[in-house]
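The values are calculated or read from the model by the stated rules, or taken from the named source; none is laboratory data. Source: prediction; values computed, not measured. FYI the Cβ positions are ideal-geometry reconstructions off the backbone, even for glycines, and counts take in every protein chain you see.
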Amino acid sequence: MLSFALIFIAGIFFSGIISRTKSIFSGRKGPGIMQPIKDIIRLFRKGAVYSQTSSFVFQIAPTIYFSSVVMAMLIVPFGQSKGLISFNGDFIFFAYVLALGKFFSIISALDTGSSFGGMGASREALYSMFAEPAFFILIGSLALLTGHSSFQEIFSALHLGSYITYALAILATFVLLMIAMIENSRMPIDDPKTHLELTMIHEVMILENSGFDLGLILSAGCLKFAIYGALIVNLFIGIFPYEYTIPLFFITQFLIAITIGTIESFMARFRMGHNAQFIFALTSVSLLIFFGALLILGKFI
Amino acid sequence: MILIKAFLIIIVCVMLLMPFLKVAWKGIVVFLAIVLNATLTSYFAVLTLMGEKFEFMLPGSIVSDVIPIRIDALSGWFMLIINLVFITGSFYGLFYMKAYREQKSKISVHAIALLLLHGALLGICVIQNSFAFLIAWEIMALSAFMLVIFENEKMATIKAGLNYLIQSHISIVFLMLGFMWVRFKTGSYDFSAITAYTSENPKIAILLFLCFFVTFAIKAGIVPMHTWLPHAHPAAPAHISGIMSGVIIKIGIFGILRMLLLIKLDYTTIGYIILFFSVVSGLYGVMLAIIQHNLKKLLAYHSIENIGIIGMGIGIGCIGLGSNNAILANLGFAAAMLHTLNHALFKSLLFYTAGNVYQATHTIDVEQLGGLVKKMPQTALLFLIAAIAICGIPPFNGFISEFLLYTGLYHWLQDANLFSLIVIGFSILGLVLIGGLAMLCFTKAFGVVFLGNPRKEFHHEIKEPPFIQLLPLYLITLIIIAIGVFPKLFINLLLQPILLFASNPFPATNTLQYNQDVLQQISWGVWGLIGIITLVFLLRKWALSKSKVTIESTWACSYTAPTPKLQYTANSFVRSYRKLFRPFLLLSKNKKEIHGIFPGKVHYKSVTYDKLEKWFVDSPIKAIKSLLSRFQFLQNGNLQFYILYGIIFIVSIICIPLIYEKFLGFIDFLKQL
């Protein structure tokens, strides 16, 4: 339950910090940190416009997308405190629940019958498929390293290892950060602020959503960032007492948000055709972690 | 014993009755007969799942010896699946076949074949005499062939049917070879002879197993022996496709499992072999499914993928048996058998909904469909549920079996050596990619067929089939949801079948407790998910009721007057995928591009083909053909010549042994000199 509350709080500020970082780097005054949340609250109160082409799929998709993210949030642990649901193999449930949300967001984009929706849906389906092996191999190698197979046990056992585990944890951080970028359609993969719909992935999928539904999608995006941030934090905190780990949690989330803002300020988006290769390359980084784990365990002769 | 006789009598009576019935009654009588037989056999099946075993000895004949009928939990589990799919399938078929009522004689043949197929499949599950088994196997192959070629006026259907017939007979050759081998060595047709023979000769056991494995792999559609499958499924009527995909290919899985029980061999090696073929099948099946534009062909390739997933479970289970890892064995076999049921459920549901689409629009080319959700909302919802289930996404049943498989793989991770670690790595990679690709495929299929605007104007009214036709579909959906929500109940049912495999080396280990605990948690998780979705949905409803909701045309960045042609097609949806996976695919394009100021008519057509089919089927056939064409002069159309060939054949049959004897005598004579 602790992790749920912490992720929720982090989620509130996350995208605000990103946009503030970007505005500072580009020399603008920029919106306040709370602006994205204010936008979401405003959207929750607004009326909605639905396309006459769309069907019940379009109506329920944002709800299911948001719910899947909340469900995933419940699984993430925080140090020693388990998530609300924790069992052997809970990370499989985590990934597949998120896939449920993705499935619905993809088909709801196709529901409007616009070519933009199809474009975004096609890309999202392909890229999210490529991102998943990296996650499973990563968690697999951590499971191999620690001998456990649930999030909480893996993370609390990870700390007890040697210093090399920290090296692996840093690689894992990179992978998780990149997965977070892909899941949230951020800069190296997708540019949320581009002015050309043809080059978008996520934004072009939610083009037709409005009002409460759009609010749900945006807030799910904020929470998703915080979830992956929390996973990254978990790699390092292990069994430290809470008075250290809770501040550490917020500091790390803050740093991640600033990193993302910095990347977005100084990097250009990849060419769309290169995205798939880049995302699949993440899997090889995961495999590197896998072989690292093998080295530590002495399975290589 | 009486019940077995009753079972056979029902089949024979209904077959004899069939020509005398009115068309409308034929289907109903067959349906009733199937229900009756299903109840009879399910009675045994349920008892076996409770832990009982049955053994009957049919007297048989001089040729076949005594025919033992043994019903254990493995047969019970598959019999229940067969009965379930047949009851729903034949009920759905009653309505699906209404359009073909004028073709009376064909309907009779179809009905008889369906009944025979049911009987033969149930027979295969219980008969343990290789002679009788072969007969049942042949009846199954032939009746399935008759069912597939129902629309025999179409060239493609006949071609697909013959392809199936030939390939299933190739599989029978291997089956006969295996049975004859055992018979030759032991002199018995009884399956228990196989166990006895292989436990004495463990080195040959693996060869014998591979012989049977090829048989059952052809039936199950394991790559590269899958090539009949994508042709036969789309050619058959919808309810037959559902039954084929639901149970006929599963009988291959049953065969593999049965042989694993019978043949005592080095389980680890065989586990790795099965695992390898399964991962390849899974990946190859889904990779080709994505580029198919014929909805039923797409589903057929997905069957190959799912057979791959089931096979992975069997492979892991075998490795668990080989390495004395009780939990691994139990997880692997549980995943395989549960996924067998799951696939039978969602795949038959998908084929039935595809049948509904075909009935309503008369096409299953996805590029011509679109926007059906408004015309056929119930069919769309059912297809959606099945699509989510087949992608292995909670809260439906596909997730449960895939979860067991993942748990197995991650459990194996803990005590594996370097080689098996690499195998695990690639299996996990394969399974995850299969999941992701399936999602790409089914978002495409659902999105293009049911969502958006219609891509083609149909001149007839498109309407939902009547509720009673959808009834079996709802029943299947109910089970799909039930397995997803209460997985523990169903894993309890699997207790006895799993113990058949896992209890031999490890008596009295309560390993099943392991998956039960985990599945209980999953159950909570799924309930939580459903709860959250309901809560958010109610919240949304409340919020929307307070504010203004308007219906407008699609905004699409203010692009006014869009035509349905602007939508993404199935082909464009998978374009980037196609480019990336080009090395594995075989695509040919036929297009004419726009040229000049006054362009004429342009067209674009892409055709997909199976690369492995080209390598393993087409090329060898071509080679054989070119060899045999040298001897074409023999086939000159003169009747006299053919009679001459006959005479030469008969004379040589008689003379060769005589000459051989003389020859031996001559050799002896020489030796004496």
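Report yes if A:A99 is at the interface with chain B (Cβ under 7 Å from one of its Cβ atoms), touching a residue at least 12 places away in the same chain (Cβ under 8 Å) and assigned to a helix (DSSP H, G or I), otherwise no. For A:A99, the condition - at the interface with chain B (Cβ under 7 Å from one of its Cβ atoms), touching a residue at least 12 places away in the same chain (Cβ under 8 Å) and assigned to a helix (DSSP H, G or I) - is met.
Looking at the range B:540-562 only, could you name the residues that are touching a Leu at 6+ places or on another chain (Cβ under 9 Å) and in the same structural domain as B:G484 (by TED's automatic domain parsing)? B:R540, the sole residue that qualifies. Is it true that B:F131 is at pLDDT 90 or above and more than 21 Å from the chain's Cα centre (by Cα)? Criteria met by B:F131. Can you spot a residue in the range B:450-465 that is in a helix (DSSP H, G or I) and at pLDDT 90 or above? Yes - at least one qualifying residue is present in the range B:450-465.
Screening B:V280 against (1) part of a helix (DSSP H, G or I); (2) over 20 Å from the mean Cα position of the chain (by Cα) leaves a single unmet condition, (2). All conditions in (1) touching a residue at least 24 places away in the same chain (Cβ under 8 Å); (2) over 20 Å from B:I476 (Cβ atoms) hold for B:V35, with the sole exception of (2).
Return yes or no: is B:P599 more than 12 Å from chain A (Cβ to nearest Cβ) and either touching a residue at least 40 places away in the same chain (Cβ under 8 Å) or not β-branched (V, I, T) (or both)? It is true that B:P599 is more than 12 Å from chain A (Cβ to nearest Cβ) and either touching a residue at least 40 places away in the same chain (Cβ under 8 Å) or not β-branched (V, I, T) (or both). Taking the conditions exactly as written (more than 28 Å from B:L499 (Cβ to Cβ), surrounded by 20 or more Cβ atoms within 10 Å (Cβ to Cβ) and either free of Cβ contacts under 8 Å to residues at least 40 places away in the same chain or not assigned by TED's automatic domain parsing to the domain that holds B:Y352 (or both)), does B:G93 satisfy them or not? So B:G93 fits the description; yes. Taking the range B:68-82 as the range and being assigned to a helix (DSSP H, G or I) and either among the aliphatic types (A, V, I, L, M) or within 13 Å of B:L338 (Cα to Cα) (or both) as the test, the residues that pass are B:A73, B:L74, B:W77, B:F78, B:M79, B:L80, B:I81, B:I82. Inside the range B:550-562, residues that are exposed (fewer than 13 other Cβ atoms within 10 Å of the Cβ) and in contact with a strand residue (DSSP E or B) (Cβ under 6 Å, 6 or more places away or on another chain) make up a count of 3.
Listed by first and then second residue, the pairs with beta-carbon distance under 6 Å, at least 6 apart or on different chains, first residue in the range A:28-50 and facing chain B (nearest Cβ under 7 Å), second surrounded by fewer than 14 Cβ atoms within 10 Å (Cβ to Cβ) and not β-branched (V, I, T), are A:G47/B:S547; A:G47/B:K548; A:V49/B:E552.
Residues are listed down the side, and each one gets a yes or a no for (1) buried (at least 21 other Cβ atoms within 10 Å of the Cβ); (2) within 10 Å of chain A (Cβ to nearest Cβ); (3) under 30 Å from B:T269 (Cα atoms):
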residue: B:G370; (1), (2), (3): yes, yes, no
residue: B:V373; (1), (2), (3): yes, yes, no
residue: B:P377; (1), (2), (3): no, yes, no
residue: B:G392; (1), (2), (3): yes, yes, yes
residue: B:L404; (1), (2), (3): yes, yes, yes
residue: B:L409; (1), (2), (3): yes, yes, yes
residue: B:T443; (1), (2), (3): yes, yes, no
residue: B:G452; (1), (2), (3): yes, yes, no
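Of all residues being touching a Lys or Arg at 6+ places or on another chain (Cβ under 6 Å) and modelled with pLDDT of 85 or more in the range B:563-573, which is surrounded by the most Cβ atoms within 10 Å (Cβ to Cβ)? Just the residue, please. For the range B:563-573, the residue satisfying everything is B:F573. Yes or no: A:G118 small (G, A, S), within 7 Å of another protein chain (Cβ to nearest Cβ) and part of a helix (DSSP H, G or I)? Yes, satisfied. Part of a loop (DSSP other than H, G, I, E, B) and free of Cβ contacts under 8 Å to residues at least 12 places away in the same chain, is that true of A:I189? For A:I189, the condition - part of a loop (DSSP other than H, G, I, E, B) and free of Cβ contacts under 8 Å to residues at least 12 places away in the same chain - is not met. Of all residues in the range A:72-96, those that are in a loop (DSSP other than H, G, I, E, B), within 7 Å of another protein chain (Cβ to nearest Cβ) and out of contact with any Gly (no Cβ under 7 Å at 6 or more places or on another chain) total 3. Among the numbered conditions (1) in a helix (DSSP H, G or I); (2) more than 7 Å from chain B (Cβ to nearest Cβ), the only one that A:S54 does not meet is (1).
Of all residues in the range B:102-123, those satisfying the criterion of being of a type outside the set (A, V, I, L, M, F, W, C) and under 19 Å from the mean Cα position of the chain (by Cα) are B:H118, B:G119, B:G123.
Restricting attention to the range B:528-549, the residues that are loosely packed, with under 11 Cβ neighbours inside 10 Å and either charged (D, E, K, R) or within 30 Å of B:R455 (Cβ to Cβ) (or both) total 2. Screening B:I468, B:I481, B:I422 for residues that are assigned to a helix (DSSP H, G or I), more than 10 Å from every other protein chain (Cβ to nearest Cβ), of a type in the set (A, V, I, L, M) and under 23 Å from A:I92 (Cα atoms) leaves exactly one candidate, B:I481.
Okay, residues lined up against (1) within 12 Å of chain A (Cβ to nearest Cβ); (2) at pLDDT 85 or above; (3) under 30 Å from B:A289 (Cα atoms):
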position: B:F501; (1), (2), (3): no, no, no
position: B:L512; (1), (2), (3): no, no, no
position: B:D517; (1), (2), (3): yes, no, no
position: B:W524; (1), (2), (3): yes, yes, no
position: B:T554; (1), (2), (3): yes, no, no
position: B:C557; (1), (2), (3): yes, no, no
position: B:A561; (1), (2), (3): no, no, no
position: B:F581; (1), (2), (3): yes, yes, yes
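When the range B:397-420 is filtered for residues that are under 19 Å from B:N324 (Cβ atoms) and among the polar types (S, T, N, Q), the ones remaining, listed by number, are B:T407, B:Q414, B:N417, B:S420.
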